[in-house]
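**Q** First the structure, then my questions, so here it is.
The values are calculated or read from the model by the stated rules, or taken from the named source; none is laboratory data. None of the values given here were measured: they were computed from a predicted structure. Ideal geometry is used to build each Cβ from the backbone, glycine not excepted, and the neighbour counts take in all protein chains shown. Each accessible area value is taken on the protein alone, full model and side chains, heavy atoms only, with ligands, DNA and RNA left out. Shrake-Rupley method; radii C 1.70, N 1.55, O 1.52, S 1.80 Å.
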Amino acid sequence: MSRSGKNRKMDGFISFMEKHFEPIAARIEKQRHVASIKNGMIALISVLIIGSFSLIISSIGNMFPEGTAIKNFFVDYNDMLQLPFQFTFGLLSIYCAVTISYNHAKQMKVPVLHGVIAGVLVTLILNTKIIDGSLDTQFLDSRGLFIAIFASLVTVEVLNVFMKNNITIRLKGLPEGISATFESIIPMVVVLFVAVFLSAGVQSVTNGQIIPEAFTTMLAPAINSIDTPYAVFLICFLEMLFWFIGLNGYAILIGFVLPFMTQYLGRNTAAFAAGEPIPHVFAPNFWDYFMGFSGSGITGALVILALFSKSQKIKAVGKASAVPAIFTISEPVVFGLPICFNPYLFIPFVMGTPILAVCQWFIFHWGIVRPPVVNVGGTPIPFAQYLATMDWKAVILSFVVLAAAVCMYYPFFKMYERSAMKEERILNEREKAHQELDLDF
């Protein structure tokens, strides 16, 4: 088929999607809760970039042999080098509570500062617990993100209901800032006590587990093997679905999947050393560097598309995400583009990625490419693909999959790009009209 014929087919598919799918996606995108989540996630991009680059720097040591001076330096100072990562990704649910509460409070026209404070407090209550007199904060990272989103939206909605129905403390004659503080007291007390009782109730019925911890435990897959195409599809589908709703799907599932993968890796390594056929595909680096090539959801494809985007906002995200993608860090794209709660990208991200993962599984299973035989965590692509499998064909496979992902994302990305450009034009027109007023006081 000629190039022009292929282009006509692609244009026809995009036109079909624009006619039948885009109106639905646009309505969902404008829904107030979805809009607050999307804008809040976009606002997290600076935090994600800082955390991503700090992780890249701390991972450089993995590229050097054991015993070398550079390797020893990174080992000795690893805790210090990890600090920016711990204070960004390690507290991601708190930053998420701030950005989403802020955007939702602006939409609902409630006191922004008090909406943010209440959202953060509820997030802290639901995502932490006291253990032996100390505060356990381990679920303030991306595992607590879904709770942060829910807590922020509900908290601001409660503040709005109380204030609209005058269930507040109103004192006349006070400055606006102090008056807003008094108005926020009753709804803030209500949401905080509800959060405390909810957290205590969940802990009492789950043997001391808080909500994100209990949620993770309940997701333990009741399967005996994950090295099948059906299990690969299910695990990848769940991971993408969790990422889409703001949860770190990898962090949620890895605890259940890692014991299987580690067992498979041991068998693969032994078989490779003995010169025997490699028995398993789903070893750790299959997930890290093939299912998640360039980041969960093969987000490197979106980085490529973003770099050539006509939208300045999307192009900026692409530039910021390019280096992290080399280290398979997907958060800048997931939360910065964003993919999270973006109806335009749901189909390729949640449904298309598992299909590509299963295709790769079969390529390894049929012996076309050697499955992973070593674990090379922290190594940048494409070196990781070769070192994990000791097979140069793995590098070729990765870039073929990347090209397939670009084609998969392209029509959906173009629809989202047009939506983003429309928003940019409206903002530019408003700025231009404001400048033409030439207000000078």
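**Q** What residue, of GLY318, GLY300, is without any contact (Cβ under 8 Å) to a residue 24 or more places away in the chain and either buried (at least 18 other Cβ atoms within 10 Å of the Cβ) or under 25 Å from ALA270 (Cα atoms) (or both)?
**A** Working: GLY300 fails: without any contact (Cβ under 8 Å) to a residue 24 or more places away in the chain.
Going through GLY318, GLY300 in turn, the sole match is GLY318.
**Q** Would you point out which residue out of ILE117, ILE147, ILE125 is closer than 25 Å to LEU241 by Cα, part of a helix (DSSP H, G or I) and of a type in the set (Val, Ile, Thr)?
**A** Matching residue, one of ILE117, ILE147, ILE125: ILE147.
**Q** Also, I was wondering about something else. Name the helices (runs of 4 or more DSSP H) wholly within the stretch 16-100 that hold at least 3 residues that are in contact with a Phe, Trp or Tyr (Cβ under 6 Å, 6 or more places away or on another chain) and at pLDDT below 80?
**A** In the stretch 16-100, 32-43, 45-59 are the helices (runs of 4 or more DSSP H) which contain 3 or more residues that are in contact with a Phe, Trp or Tyr (Cβ under 6 Å, 6 or more places away or on another chain) and at pLDDT below 80.
**Q** Which members of the stretch 101-156 meet the condition of being at pLDDT 85 or above, within 19 Å of ILE42 (Cβ to Cβ) and among the aromatic types (Phe, Trp, Tyr)?
**A** Residues satisfying the conditions are TYR102, PHE150.
**Q** Listed residues GLY266, GLY255, GLY246, GLY275; which is at positive phi and either surrounded by fewer than 21 Cβ atoms within 10 Å (Cβ to Cβ) or at pLDDT 90 or above (or both)?
**A** On the way: GLY266 fails: at positive phi; GLY255 fails: at positive phi; GLY246 fails: either surrounded by fewer than 21 Cβ atoms within 10 Å (Cβ to Cβ) or at pLDDT 90 or above (or both).
Going through GLY266, GLY255, GLY246, GLY275 in turn, the sole match is GLY275.
**Q** Also: Just to check your reading of the model, which residue among ALA195, ALA231, ALA214, ALA200 is exposed (fewer than 14 other Cβ atoms within 10 Å of the Cβ) and either at pLDDT 85 or above or under 22 Å from the mean Cα position of the chain (by Cα) (or both)?
**A** Matching residue, one of ALA195, ALA231, ALA214, ALA200: ALA200.
Condition check ((1) in contact with an Asp or Glu (Cβ under 6 Å, 6 or more places away or on another chain); (2) assigned to a loop (DSSP other than H, G, I, E, B); (3) open to solvent by less than 70 Å² (accessible area, probe 1.4 Å); (4) not basic (Lys, Arg)) across all residues:
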residue: VAL374; (1), (2), (3), (4): no, yes, yes, yes
residue: GLN385; (1), (2), (3), (4): no, no, yes, yes
residue: ILE396; (1), (2), (3), (4): no, no, no, yes
residue: VAL401; (1), (2), (3), (4): no, no, yes, yes
residue: TYR409; (1), (2), (3), (4): no, no, yes, yes
residue: ALA420; (1), (2), (3), (4): no, no, yes, yes
residue: GLU423; (1), (2), (3), (4): no, no, no, yes
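**Q** Looking only at the stretch 94-148, count every residue that is among the aromatic types (Phe, Trp, Tyr) and open to solvent by less than 30 Å² (accessible area, probe 1.4 Å) and tell me the total.
**A** Adding up the residues that qualify gives 1.
**Q** Six or more apart or on different chains, Cβ atoms under 7 Å: show the pairs whose first residue is in the stretch 194-208 and in contact (Cβ under 8 Å) with a residue 12 or more places away in the chain and whose second is among the basic types (Lys, Arg).
**A** GLN203/LYS129
**Q** If GLU331 satisfies every condition in (1) at pLDDT 85 or above; (2) in contact with a helix residue (DSSP H, G or I) (Cβ under 6 Å, 6 or more places away or on another chain); (3) open to solvent by 10 Å² or more (accessible area, probe 1.4 Å) but one, which is the exception?
**A** Condition (1) is where GLU331 drops out.
**Q** With the structure loaded, tell me whether ILE381 is at pLDDT below 90, open to solvent by less than 10 Å² (accessible area, probe 1.4 Å) and not hydroxyl-bearing (Ser, Thr, Tyr) or whether it fails that test.
**A** In short, no.
Table: residues versus (1) among the polar types (S, T, N, Q); (2) under 30 Å from TYR250 (Cβ atoms).
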position	(1), (2)
GLY115	no, no
ALA118	no, no
LEU145	no, yes
GLU157	no, no
ASN166	yes, no
ALA180	no, no
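**Q** Can you tell me which residue is modelled with the highest pLDDT among those in the stretch 158-180 that are surrounded by fewer than 17 Cβ atoms within 10 Å (Cβ to Cβ) and in a helix (DSSP H, G or I)? Lay out the reasoning, then the answer.
**A** First pass over the stretch 158-180, keeping only residues surrounded by fewer than 17 Cβ atoms within 10 Å (Cβ to Cβ): 161, 164-167, 169-178.
Now restrict to residues that are in a helix (DSSP H, G or I): 161, 164, 176-178.
On the way: VAL161: 91, LYS164: 86, GLU176: 66, GLY177: 65, ILE178: 75.
Looking at residues that are surrounded by fewer than 17 Cβ atoms within 10 Å (Cβ to Cβ) and in a helix (DSSP H, G or I), I get VAL161.
**Q** Scan the stretch 278-297 residue by residue and report those that are within 15 Å of LEU337 (Cα to Cα) and either open to solvent by 10 Å² or more (accessible area, probe 1.4 Å) or among the polar types (S, T, N, Q) (or both). Give the steps one after another, and end with the answer.
**A** Step one: filter the stretch 278-297 for residues within 15 Å of LEU337 (Cα to Cα), giving 295-297.
Result: SER296, single match.
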